[in-house]
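Asks: Next up is a structure, given as structure tokens.
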Amino acid sequence: MTKLTFKLNRKINFENEAGLLIFNYTDYKSHPNPNKIDWKDSYIDYKNNDKKVIRMEENFKAHPAYMNFLREVRSESFYLIEDFFDHKNDDIRTLFYIFEKGDENFLPFILSIFQNLDIKDENTLSYHIFKELFDIFFFQYMGLDYINLAEDGVYTYKDLNEYMNGPRIMEYLASSPFSDEDTMTLLRAYQNTKDIYDRLKPFIEKLSVIIENKVHILDDLLYESFENLEKSNYKIAYEFTKQVGMDEMVSKKSEEITISILLFLPFTQMFRFMDFYNFSKAIKLGILVDKRQTKESPYKLSSISQDLIALADPTRIQILDYLKEADYYAKELSEKLYITPATLSYHLNKLLISGFVGLRKEGRRYYYYLRKNGFEYLIDNLSKFNKDIKETHNE
């Protein structure tokens, strides 16, 4: 197999980071805070699928520069964000609360736009980029599966609008995976994107300036992150790509994968793969992802909780059983399971992320297949956990 080719992007996209900063605030506001921890001192802990507000020292004690950066940025931006959402712009606030398929383990709808500003190497929130990304992800949230659009001759944004025009968009709205209220919120935003952009753009610009003026606090940390990536020959990126089953596909196409660093999602690993339009393949890594320190034993079940959750669903078990028989493309699987393409896409994404399923391209079709790596990783961790069990013999 050809070695993956990586390109390191050393430039921070401050508009993307501004979107993440807003999410950082709205995520904090959406959860009970019994300890009354100020936002500037807080961190949202996501362990074991349970969110709670903790003091940032619990996660960042070893990284005082990072804590200083967070406090400086939050202190200067707090009143600006509070004022923006003070009895106004509720529609924009809601776009930070609508998660794909209602799953808060993913990022909310509007962050899909900020996280993909670099698809055309423009790195700016111009209206035409905002509108294109808004439409693309609106259709995806409504259930459109982009992986197999090429079968229907859809390759460009213009093709997409023609494809979704008329009765087809009504069909997707009628079978939306969201509540009626959230569906209508997304539809109104889709119809009034220019108004949302006009309100959001100056707000994002102000936050971007604040972040850019404070990023010097992280100069040493950023330099170390970039150097470690290059010196290790992008080991963490390669292993992550292999883990999610994308290494074979992108290697066969000899594609270059861009690696970017995220400031406000410090422990995140994300892979962008959308075979549509001009979306480049990209990996986004949190600034502290290779420096994470945890008190937990690596053999606790919490370290593989997402993998166990991925297997704890009857539909996903059925998918794995079918893929044991043969490789299938999406339409075949949805027909066998009697579920919609949108529902199938949701379940397949869970299995892809956990590494149990991979993708390969044959002609215009993508076929899903079982990956031994994902199961071997799970079995290995369960075996190590099992060895640590101190069984007592009681009468």
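The values are calculated or read from the model by the stated rules, or taken from the named source; none is laboratory data. On a predicted model such as this, the values are computed, not experimentally measured, just so you know. Cβ atoms come from the backbone with ideal geometry, glycine included; neighbour counts cover every protein chain shown. Surface accessibility is based on the protein's heavy atoms, side chains included, excluding ligands, DNA and RNA. Shrake-Rupley method; radii C 1.70, N 1.55, O 1.52, S 1.80 Å.
Asks: Need one number: nm distance between label points at Asp159 and Leu320, each 7 Å from Cα along Cα→Cβ, rounded to one decimal.
Replies: Label-label distance for Asp159 and Leu320, simple model: 3.5 nm.
Asks: In terms of modelled amide H atoms, which long-range or inter-chain residues lie less than 5 Å from the amide H of Phe356?
Replies: Here nothing satisfies the definition.
Asks: Also, quick follow-up: Quick one: length gained pulling Thr340 to His87 fully straight, 0.36 nm per residue minus the C-alpha distance?
Replies: Value of the extension gain: 87.2 nm.
Asks: Just the accessible area per residue of the chain, please: how many Å² with a 1.4 Å probe?
Replies: Result: 50 Å² of accessible area for each residue.
Asks: Take each of the peptides 153-166, 204-217, average the number of other beta-carbon atoms within 10 Å over its residues, and list them starting from the highest.
Replies: 204-217, 153-166
Asks: Given the pairs Lys158/Lys331; Lys242/Lys281; Lys331/Lys372; Lys11/Lys61, which are separated by over 18 angstrom at their Cα positions?
Replies: Exceeds cut-off: Lys158/Lys331; Lys331/Lys372; Lys11/Lys61.
Asks: From the phi angles alone, apply the Karplus equation (6.51, -1.76, 1.60; θ = phi - 60°) to region 202-209 and give each ³J(HN,Hα) in whole Hz, x where the residue is Gly or Pro.
Replies: Couplings: x, 5, 5, 4, 5, 5, 4, 5 Hz.
Asks: Explain nothing, just the number: relative contact order of the chain, from Cα pairs under 8 Å at least 6 residues apart, as a whole percent.
Replies: 20
Asks: Hey, can you grab everything whose amide H is under 5 Å from the amide H of Tyr329? Only 5+ residues off in sequence or another chain; H modelled, so Pro and N-termini drop out.
Replies: Tyr368
Asks: Which entry in (1) 175; (2) 144; (3) 163 is this structure's computed volume of the Cα convex hull per residue in Å³?
Replies: (1)
Asks: Give a residue-ordered list of calculated ³J(HN,Hα) values for region 278-290 (Karplus: 6.51 cos²θ - 1.76 cosθ + 1.60, θ = phi - 60°; whole Hz; x for Gly, Pro).
Replies: 10, 5, 7, 6, 8, 10, 10, 10, x, 4, 10, 5, 9
Asks: Whenever you get a sec, compute what percent of the accessible area on region 52-208 sits on carbon and sulfur atoms (1.4 Å probe).
Replies: Solvent-exposed carbon and sulfur of region 52-208 make up 49 percent of the total.
Asks: In deg cm²/dmol and to the nearest 500, what is the mean residue ellipticity at 222 nm of the chain if only DSSP H runs of at least 4 residues count, each as -39500 (n - 2.57), divided by the residue total?
Replies: Computed mean residue ellipticity for the chain: -15500 deg cm²/dmol.
Asks: Also: Using θ = phi - 60° and the Karplus relation 6.51 cos²θ - 1.76 cosθ + 1.60, list the HN-Hα couplings for region 256-264 in order, rounded to whole Hz, with x at every Gly or Pro.
Replies: Karplus-based 3J(HN,Hα) across region 256-264 equals 8, 10, 7, 10, 10, 9, 9, 8, 9 Hz.
Asks: Continuing with the same structure: Test of understanding: what is the full-extension gain from Ser179 to Tyr223, defined as 0.36 nm times their sequence separation minus their Cα-Cα distance?
Replies: Between Ser179 and Tyr223, full extension yields 11.4 nm more.
Asks: Please list the non-local residues whose amide H lies under 5 Å from the amide H of Leu262, H modeled 1.01 Å from N, same-chain partners needing a gap of 5 or more.
Replies: Leu285, Gly286, Ile287
Asks: Sort His87, His128 from largest to smallest accessible area, using a 1.4 Å probe on the heavy atoms of the protein chains.
Replies: His87, His128
Asks: Then there's this: Apply 1/(1 + (r/R0)^6) to the Cβ-Cβ distance of Lys36 and Lys372, taking R0 = 51 Å, and write down the FRET efficiency to the nearest 0.05.
Replies: Efficiency, rounded to the nearest 0.05: 0.55.
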